[in-house]
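Below is one structure; the comments refer to it alone.
The values are calculated or read from the model by the stated rules, or taken from the named source; none is laboratory data. These numbers come from a predicted model, not from an experiment. Cβ sites come from the backbone with ideal geometry, for glycine too, and all protein chains shown count toward neighbours. With ligands, DNA and RNA removed, areas are computed over all heavy atoms of the protein, side chains included. Shrake-Rupley method; radii C 1.70, N 1.55, O 1.52, S 1.80 Å.
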Amino acid sequence: MHASTVRSLLVRGMLAGLIAGLFAFAVAYAVGEPPVSGAIAVEEAKAAGEAPAGHGSHADHGGGTVAVEAAGEEEEGVSRSVQSTFGLATGVLVYGVALGGIASLAFSFALGRVGRFSPRATAALTAAAAFTTVYLVPFLKYPATPPAVGNPDTIGQRTTLFFLMILLSVLLGIAALIAGRRLAPRLGNWNATLTAGAGFVVVTAVAFAVLPGNEDAVATGFPAGLLWEFRLASLAIQAVLWAVFGIVFGVLAQKTLAPRAAADQEGRLGAPAAG
């Protein structure tokens, strides 16, 4: 694939990531913010109960946010209304653009190497593989938790384990892809895909058993229903992000590559036969 084509796909991937980020932000605001606000309220109520006598709470009725001020604690620098709107939108959109660019490069590598799929189908497969390896597999081992509900002393360790799981999942996904390609001539495409997929599941299960858990990621007594609601919302946000990206980028990639493929085909047909 020509460098100019890769650059064109990169730009379109970032654009598709931006569009997907807009949809993901809508989901995050609609279904993600309520459990986050609920988790913060639980933490604030707990802090209020542990605050020394003589220190009360301050209610921001205009913004609908209750901020508990313990002894010596500074007031919140950024309001929840800003965090849940502008801050959330900025984070999700930047995340979508970055992942869209990376996914477009993965698409450029995968096109024509994972079977005779069209650009649109390859984009869908790339998005599905990225969602599975980058989010779903790490999520199954280390599920998302609301802010301020875990042990703050272990947040660095928990973050390291989560990113380690992402790296391991991506590497195992690449290994499964390579194994499937090498087994295809002997087993056929279908059987090779099943074998490589089974190998990915088995090795991932072993990694789940070997890596330590996050027993202190959720404080004792935190409402189970609120935790479940937050995790479902987190899963929905990522699913929408990657689904929209796969659809939008598939359309953009198809429009970008179809004229080039037609031109190459015409060039081959018009070339004089050798000797």
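Looking only at the range 117-126, which residues are part of a helix (DSSP H, G or I) and polar (S, T, N, Q)? Of everything in the range 117-126, those that are part of a helix (DSSP H, G or I) and polar (S, T, N, Q) turn out to be 122, 126.
Across the range 214-228, the number of residues qualifying as β-branched (Val, Ile, Thr), surrounded by 10 or more Cβ atoms within 10 Å (Cβ to Cβ) and without any contact (Cβ under 8 Å) to a residue 12 or more places away in the chain comes to 0. Residue under question is residue 232, and the condition is that it be within 27 Å of residue 41 (Cβ to Cβ) and open to solvent by 40 Å² or more (accessible area, probe 1.4 Å); does it hold? Criteria met by residue 232. In the range 168-175 there is at least one residue matching the filter, namely being in contact with a Pro (Cβ under 9 Å, 6 or more places away or on another chain) and either open to solvent by less than 30 Å² (accessible area, probe 1.4 Å) or in a helix (DSSP H, G or I) (or both).
A quick yes/no check of all residues on (1) modelled with pLDDT of 90 or more; (2) touching a Phe, Trp or Tyr at 6+ places or on another chain (Cβ under 9 Å); (3) part of a helix (DSSP H, G or I):
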site	(1), (2), (3)
115	no, no, no
128	yes, yes, yes
134	yes, yes, yes
145	no, yes, no
156	no, no, yes
194	yes, no, yes
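Within the range 180-199, the set of residues being open to solvent by less than 40 Å² (accessible area, probe 1.4 Å) and either within 25 Å of the chain's Cα centre (by Cα) or farther than 21 Å from residue 110 by Cα (or both) comprises 180, 196, 197, 199. In the range 25-46, the residues that are closer than 15 Å to residue 225 by Cβ and hydroxyl-bearing (Ser, Thr, Tyr) form no Cβ pair under 9 Å with any partner that is modelled with pLDDT of 85 or more and open to solvent by 30 Å² or more (accessible area, probe 1.4 Å), whether six or more places apart or across chains.
The sole residue among 205, 209 that is open to solvent by 80 Å² or more (accessible area, probe 1.4 Å) and either at pLDDT 90 or above or not in a helix (DSSP H, G or I) (or both) is 209. Cβ separations smaller than 9 Å between residues 6+ apart or across chains give the following pairs from the range 1-23 residues that are in contact (Cβ under 8 Å) with a residue 60 or more places away in the chain to residues that are charged (D, E, K, R): 5/260; 12/255. Checking every residue in the range 59-81 against the condition of being closer than 20 Å to residue 240 by Cα and either at pLDDT 90 or above or surrounded by 18 or more Cβ atoms within 10 Å (Cβ to Cβ) (or both) gives zero matches. For residue 93, are the conditions met, namely being touching a residue at least 24 places away in the same chain (Cβ under 8 Å), surrounded by fewer than 20 Cβ atoms within 10 Å (Cβ to Cβ) and within 26 Å of residue 32 (Cβ to Cβ)? The answer is yes for residue 93.
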